[in-house]
1. Restricting attention to the stretch 146-157, does a residue exist that is under 20 Å from Gly288 (Cβ atoms) and within 16 Å of the ligand (Cβ to nearest atom)?
2. Grab the strands (runs of 3 or more DSSP E) fully contained in the stretch 63-141, keeping just those with 1 or more residues being basic (Lys, Arg) and more than 10 Å from the ligand (Cβ to nearest atom).
3. Is the stretch 71-78 home to any residue that is in contact with a strand residue (DSSP E or B) (Cβ under 9 Å, 6 or more places away or on another chain) and among the basic types (Lys, Arg)?
4. Answer with yes or no whether Ala165 is more than 15 Å from the ligand (Cβ to nearest atom), among the small types (Gly, Ala, Ser), touching a helix residue (DSSP H, G or I) at 6+ places or on another chain (Cβ under 9 Å) and within 24 Å of Lys127 (Cβ to Cβ).
5. It is to be established whether one or more residues within the stretch 250-263 are at pLDDT 95 or above, part of a loop (DSSP other than H, G, I, E, B) and farther than 30 Å from Leu217 by Cα.
6. Give the number of residues within the stretch 176-193 that are part of a loop (DSSP other than H, G, I, E, B), surrounded by 24 or more Cβ atoms within 10 Å (Cβ to Cβ) and touching a residue at least 60 places away in the same chain (Cβ under 8 Å).
Amino acid sequence: MKVSIFAMKINYWDYLAEYSTNRGNYLAIADKVFSSGRLILGEEVAAFEKNFASYCNSDYAVGLNSGTDALFIAMKALGIKAGDEVITVSNTAVPTVAAIRATGAIPVFADVEEDSFLIDLNDMATKITTRTKAILPVHLFGAVCDVDKIREIAGSKIDIIEDCAQSCGATLKGKKTGSLGDIAAFSFYPTKILGGFGDGGAVVTSDEALAKKVKRLRMYGMDSEYYSEEEGYNSRLDEIQAAILNFKLQSLDAALEKRKNIAICYDAILKNVEELLIPKQTANMQHGYYLYTIRCNKRDQLAASLHEKGIGAKVNYPYPIHLMRGYSFLGYKKGDLPVTEKLADSILSLPIYPELPLEQVEAAADAVRQFYR
Ligand SMILES: *Cc1c(COP(=O)(O)O)cnc(C)c1O
């Protein structure tokens, strides 16, 4: 499917509508930051860290330069190292696995549930060994993994790192993702639920010692200028991104509400179409709807028919990571994760972003329905 989604009439994702509404605010924010005399680790980052921790029902947030780094540095702060095992899933964005490998640890893949796309807890339990140091559940597409049950299975010696790159604002039993495990990683990549105007990320935790360690690691291992306490990195959130994120945080709940309304609109039109299944809901979970992903028959034909009509639709993700050439050294083969592999051939994500007009949502849903007539 080599169709450029940007040429289409109903975009899969678009930030320009939101930008044109708030352009005056963004220009004022940029001017304020550029005139402040401080471009790195100043007031804006500190304010954002405070606001974001509080938004996540957590005690600490530390701004970093990407979601990948947030995962990597969270794992380094937990002491995860070469040879350790970290259990995660293969149907995620590659960065989840890249971050595990950056620590030298070995990603161990558990299969996923067919209806929720989330980590299969029974399969996960069978993958725990004496080398397992952490479980890294991915709250995929904005749906929330049952971290309470993961904790029950894992016990207290195995750390839980939430990958919240797609789940900002989503909740389980009223608690926000990011507050459910030991430590969590967020991405502010532009397409994400809380997206900046460039790269950005954060680690969130309620463990003071871990938060301190993350702060040290993002700045060459330093507690004070020019003196390194331990080997560290350079992974800072820029002041300009923090200022933009602080502004967008104010309307995050409204943006989540718009995503939910789009999902409700899709659900209503698609729920009775026999050839497909709409995203799973559970009573305990408030979905973030980062993506609206259906399971369907004749997926590639459906996608082609939508593209022909100018409707952006994408597969997230068409290739399970355990079958990618870049990760063949891990030793997995086709058939090792049957549900993950099956989903890769049958899922399709439909256009969704807060400013997407509901008429366009209806048009996209109708086009899906018509395909199966
Ligand atoms: C986007 C994403 C990441 C990585 O975030 P970046 O900010 O792009 O580095 C990690 N995990 C998941 C599940 C993601 O969707």
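1. Checked against the condition, which is being under 20 Å from Gly288 (Cβ atoms) and within 16 Å of the ligand (Cβ to nearest atom), the stretch 146-157 yields at least one hit.
2. It comes to 132-135.
3. Among the residues of the stretch 71-78, not one is in contact with a strand residue (DSSP E or B) (Cβ under 9 Å, 6 or more places away or on another chain) and among the basic types (Lys, Arg), which makes the answer no.
4. For Ala165, the condition - more than 15 Å from the ligand (Cβ to nearest atom), among the small types (Gly, Ala, Ser), touching a helix residue (DSSP H, G or I) at 6+ places or on another chain (Cβ under 9 Å) and within 24 Å of Lys127 (Cβ to Cβ) - is not met.
5. Yes.
6. Of the residues in that region, 4 qualify.
Here is a yes/no grid of residues against (1) more than 22 Å from Tyr353 (Cβ to Cβ); (2) away from the ligand (no atom under 16 Å from the Cβ); (3) of a type in the set (Phe, Trp, Tyr):
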| site | (1), (2), (3) |
| --- | --- |
| Ile183 | yes, no, no |
| Asp207 | yes, yes, no |
| Lys213 | yes, yes, no |
| Arg259 | no, no, no |
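Here is a yes/no grid of residues against (1) surrounded by 23 or more Cβ atoms within 10 Å (Cβ to Cβ); (2) touching a Gly at 6+ places or on another chain (Cβ under 6 Å); (3) charged (D, E, K, R):
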{"position": "Gly79", "(1), (2), (3)": "no, no, no"}
{"position": "Ala105", "(1), (2), (3)": "no, no, no"}
{"position": "Leu136", "(1), (2), (3)": "yes, no, no"}
{"position": "Asp148", "(1), (2), (3)": "no, no, yes"}
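The values are calculated or read from the model by the stated rules, or taken from the named source; none is laboratory data. What you are looking at is a predicted structure, and each value in this text was computed from that prediction instead of being measured. With ideal geometry, Cβ positions are generated from the backbone for all residues, glycine too; neighbour counts draw on all protein chains shown.
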